[in-house]
Amino acid sequence: AQTVTQSQPEMSVQEAETVTLSCTYDTSESDYYLFWYKQPPSRQMILVIRQEAYKQQNATENRFSVNFQKAAKSFSLKISDSQLGDAAMYFCAYSNANAGKSTFGDGTTLTVKP
Amino acid sequence: DTGVSQNPRHKITKRGQNVTFRCDPISEHNRLYWYRQTLGQGPEFLTYFQNEAQLEKSRLLSDRFSAERPKGSFSTLEIQRTEQGDSAMYLCASSLVRYGYTFGSGTRLTVV
């Protein structure tokens, strides 16, 4: 079974600075998808960024980018120019190639200090 | 399209009662998922549908849980004979194949 591990329960960053959230996963598949989701307090979860395992190029969405290391099974999220609105719980998730169910990590709570 | 809609937002029920939740997905999405989330943890997979077919159900899910998606549109999740351990946030999400999820706001269940 696939597992997703987020080793940082909590992280904090100063406004306008850069922060990196870590995620590792375990799978025997060669083709799969990885995601980062953001869940603000008492609000619904939203998709931040998506990476296809067969693509070597790291995905980027505005201030959000990933460092995908397939051999190391690592998928970290970098948030540049952090804003107060980035404060949330961030979840890393894995889906196999047919994109059925996703396996989620236990999340990292990000605090942004003004 | 107004996104994924879940009703009710909150449900308080007595132990032993049955409850039913509804999810209306984004109309263009052919996949619909149910997850359960407890405080401080990531969502845990329950089941998912492609159109009206239920393709997978978690082995951790007891027979008290059942889900339907008639005509491939909205979905319902029923929990029979609720237990205190069923207290959680129940999340619905929809997607197109190979894309990430669009989540609803969830239904918070409290069993007293």
Inset, instruction - Looking at (1) facing chain A (nearest Cβ under 9 Å); (2) within 11 Å of the chain's Cα centre (by Cα); (3) within 18 Å of residue A:98 (Cβ to Cβ); (4) among the small types (Gly, Ala, Ser), find the lone condition where residue B:58 falls short. - result: (2)
Inset, instruction - Could you give me the residue pairs with C-beta distances under 7 Å whose first residue belongs to the stretch B:85-102 and is free of Cβ contacts under 8 Å to residues at least 40 places away in the same chain and facing chain A (nearest Cβ under 9 Å), whose second residue is surrounded by 15 or more Cβ atoms within 10 Å (Cβ to Cβ) and assigned to a loop (DSSP other than H, G, I, E, B) wherever it lies, and which are 6+ apart or on separate chains? - result: B:98/A:99
Legend entry - Failed criterion for residue B:82 (all others in (1) outside any strand (DSSP E or B); (2) within 15 Å of residue B:4 (Cβ to Cβ); (3) among the hydroxyl-bearing types (Ser, Thr, Tyr) hold): (2)
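For the stretch A:67-114, please list each of the strands (runs of 3 or more DSSP E) lying entirely inside it that holds at least 1 residues being of a type in the set (A, V, I, L, M) and either more than 14 Å from every other protein chain (Cβ to nearest Cβ) or farther than 17 Å from residue A:56 by Cα (or both).
A:74-79, A:88-96, A:108-113
Could you list, in sequence order, all residues of the stretch A:1-35 that are at the interface with another protein chain (Cβ under 9 Å from one of its Cβ atoms) and surrounded by 14 or more Cβ atoms within 10 Å (Cβ to Cβ)?
Matches in the stretch A:1-35: A:4, A:6, A:33, A:35.
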Inset, instruction - Could you check, for the stretch B:6-18, whether at least one of its residues is modelled with pLDDT under 95 and either in contact with a strand residue (DSSP E or B) (Cβ under 7 Å, 6 or more places away or on another chain) or at negative phi (or both)? - result: no
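The values are calculated or read from the model by the stated rules, or taken from the named source; none is laboratory data. Given the structure is predicted, the values throughout are model-derived calculations rather than measurements. Note that we place each Cβ from the backbone using ideal geometry, even for glycine, and neighbour counts take in every protein chain shown.
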